[in-house]
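Read the structure below first, then the notes.
The values are calculated or read from the model by the stated rules, or taken from the named source; none is laboratory data. All values derive from a computational prediction rather than experimental measurement. All Cβ positions, glycine included, derive from the backbone under ideal geometry; neighbour counts span all protein chains shown.
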Amino acid sequence: MPDETIKLIGRTGLSFELNASDVARLMEQHADEALRKATLPATPADYKIELPPTQAAGRVEMKLNPADPAFEAARNGRTRRV
């Protein structure tokens, strides 16, 4: 039945109701978050620093230097697990 809801009461006494679409959204969010966490590199060193292929005017070649200390900070910031 589409109108059915479940009532949940937390430890603090706060209560709320969820219907089937609420539960489906929560399940989808949980799956998305689990997938995101599963696809994170295990260590900062596992991140690949790359630029997407582009065609710069005047044959300008763009390169990133992974040895730059700024990249180390970026790697460390991106691997914090939530």
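Only one of Glu33, Glu28 is at pLDDT 90 or above and under 11 Å from the mean Cα position of the chain (by Cα); which? Spell out the reasoning first.
On the way: Glu28 fails: under 11 Å from the mean Cα position of the chain (by Cα).
One residue alone meets the criteria, Glu33.
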*asked:* Where the second residue is surrounded by 10 or more Cβ atoms within 10 Å (Cβ to Cβ) and of a type in the set (Ser, Thr, Tyr) and the first is free of Cβ contacts under 8 Å to residues at least 40 places away in the same chain and lies in segment 36-54, which pairs have Cβ atoms under 6 Å and are six or more apart or on separate chains?
replied: Pro41/Tyr47; Pro44/Thr79
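Is it fair to say Gly77 is surrounded by fewer than 10 Cβ atoms within 10 Å (Cβ to Cβ) and at pLDDT 85 or above?
Working: surrounded by fewer than 10 Cβ atoms within 10 Å (Cβ to Cβ): yes; at pLDDT 85 or above: no.
Here the answer is no, as Gly77 does not meet what is asked.
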*Residue among Thr43, Thr5, Thr39 that is more than 21 Å from the chain's Cα centre (by Cα) and either at pLDDT 90 or above or within 30 Å of Pro66 (Cβ to Cβ) (or both)*: Thr5
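Here is a check on your reading of the model: is Ala42 among the hydrophobic types (A, V, I, L, M, F, W, C) and part of a helix (DSSP H, G or I)?
On the way: among the hydrophobic types (A, V, I, L, M, F, W, C): yes; part of a helix (DSSP H, G or I): no.
Answer is no for this residue.
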